[in-house]
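Below: one structure, written as structure tokens.
The values are calculated or read from the model by the stated rules, or taken from the named source; none is laboratory data. Quick caveat: nothing in here was measured; it's all calculated off a predicted structure. Using ideal geometry, Cβ is built from the backbone for each residue, glycine included, and neighbour counts are taken over all protein chains shown.
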Amino acid sequence: MEQLIMRRKKGEAVPPDWGALVCRAFNGSDTDINAWLDIVAEGLTGGRQDSAFFRECMFSHGELEYDKFFIIECEGMPAATFAVICDHKKREGYVHMVACKPEFRGRGIGTKMALHAAAVLDGSGMETAYLTTDDFRVQAIRTYLRAGFVPDTSDPGHRLRWEKILDALEVTK
């Protein structure tokens with residue numbers, strides 16, 4: 001099924017307080033590539049992939065700036081990841097590959113990632129941004145809504161899917 005789209009206009013997002021968590025820039029090392037592959041294996045890719053998948057996935061949406069690509073650590077363990085890809089000519093950003101290992105879910109990491117992504121977008125001069133998601137990622141959608149992303153209902157088929165999701169989330173349309 002085709003992924004749903006959420007969009008955001010530039011605002012004044014403030015990076016979250018990460019508390020005991022560490023949000024650090026991806027460094028391009030084999031260690032970070034393997035950490036990323038482990039994180040996205042559960043929930044985004046349907047299993048552990050290889051470094052060729054990493055390159056295909058992360059370098060196919062425009063220039064990947066490592067200062068906008070993050071690994072979140074919890075007690076020294078890689079727990080989550082996300083990337084913000086900026087098209088500086090269009091002034092449009094894309095939030096890519098947002099994932100958190102199952103054992104770290106339910107701790108507010110997703111909310112912090114979405115807020116941090118919004119702050120990076122705003123700080124990078126992006127006027128608009130988008131992300132893609134799936135119908136079943138209801139908790140992630142709730143998080144994206146909190147960070148200022150709204151459903152793109154321009155496609156009639158998507159509109160019906162969004163209505164079901166928003167009803168499930170008890171969000172006023």
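Looking at residue 42, is it in contact (Cβ under 8 Å) with a residue 60 or more places away in the chain, acidic (Asp, Glu), at negative phi and touching a Lys or Arg at 6+ places or on another chain (Cβ under 7 Å)? The answer is yes for residue 42.
Being touching a residue at least 24 places away in the same chain (Cβ under 8 Å) and either crowded, with 18+ Cβ neighbours inside 10 Å or among the basic types (Lys, Arg) (or both) is the filter here, so list the residues in the stretch 75-89 that pass it. If the condition is that a residue be touching a residue at least 24 places away in the same chain (Cβ under 8 Å) and either crowded, with 18+ Cβ neighbours inside 10 Å or among the basic types (Lys, Arg) (or both), then 78, 79, 80, 81, 82, 83, 84, 85, 86 are the ones that fit. For the stretch 112-129, enumerate the residues that are of a type in the set (Ser, Thr, Tyr) and crowded, with 16+ Cβ neighbours inside 10 Å. Hit for the stretch 112-129 is 124, nothing else. Quick check: is even one residue across the stretch 82-97 of a type in the set (Gly, Ala, Ser), outside any loop (DSSP other than H, G, I, E, B), modelled with pLDDT of 95 or more and in contact with a Lys or Arg (Cβ under 7 Å, 6 or more places away or on another chain)? Yes: the stretch 82-97 contains one or more residues that are of a type in the set (Gly, Ala, Ser), outside any loop (DSSP other than H, G, I, E, B), modelled with pLDDT of 95 or more and in contact with a Lys or Arg (Cβ under 7 Å, 6 or more places away or on another chain).
This table checks each residue for (1) at positive phi; (2) surrounded by 15 or more Cβ atoms within 10 Å (Cβ to Cβ); (3) assigned to a loop (DSSP other than H, G, I, E, B).
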residue	(1), (2), (3)
11	no, no, yes
20	no, no, yes
24	no, no, no
28	yes, no, yes
35	no, yes, no
48	no, no, yes
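Put simply, of 140, 168 the only residue that is among the small types (Gly, Ala, Ser) and more than 12 Å from the chain's Cα centre (by Cα) is 168. Filtered by the rule that a residue be assigned to a helix (DSSP H, G or I) and surrounded by 12 or more Cβ atoms within 10 Å (Cβ to Cβ), the stretch 151-163 gives 158, 159, 161, 162, 163. Might you check whether a residue that is part of a helix (DSSP H, G or I) and among the basic types (Lys, Arg) occurs anywhere in the stretch 119-139? So far as the stretch 119-139 goes, no, none of its residues is part of a helix (DSSP H, G or I) and among the basic types (Lys, Arg). Tell me, yes or no, whether the stretch 94-104 has at least one residue that is more than 29 Å from residue 152 (Cα to Cα) and surrounded by fewer than 16 Cβ atoms within 10 Å (Cβ to Cβ). Yes, there is a match, as at least one residue in the stretch 94-104 is more than 29 Å from residue 152 (Cα to Cα) and surrounded by fewer than 16 Cβ atoms within 10 Å (Cβ to Cβ).
Of all the residues that make up the stretch 50-65, how many are assigned to a loop (DSSP other than H, G, I, E, B) and either touching a residue at least 40 places away in the same chain (Cβ under 8 Å) or over 17 Å from the mean Cα position of the chain (by Cα) (or both)?
Of the stretch 50-65, the ones assigned to a loop (DSSP other than H, G, I, E, B) are 50, 59-65.
Those left that are additionally either touching a residue at least 40 places away in the same chain (Cβ under 8 Å) or over 17 Å from the mean Cα position of the chain (by Cα) (or both): 50.
Residues flagged as assigned to a loop (DSSP other than H, G, I, E, B) and either touching a residue at least 40 places away in the same chain (Cβ under 8 Å) or over 17 Å from the mean Cα position of the chain (by Cα) (or both) within the stretch 50-65 amount to 1.
Residue pairs whose Cβ atoms lie under 6 Å apart, separated by 6 or more positions or on different chains, with the first residue in the stretch 151-173 and within 16 Å of residue 132 (Cα to Cα) and the second of a type in the set (Lys, Arg) and assigned to a helix (DSSP H, G or I), are 153/159.
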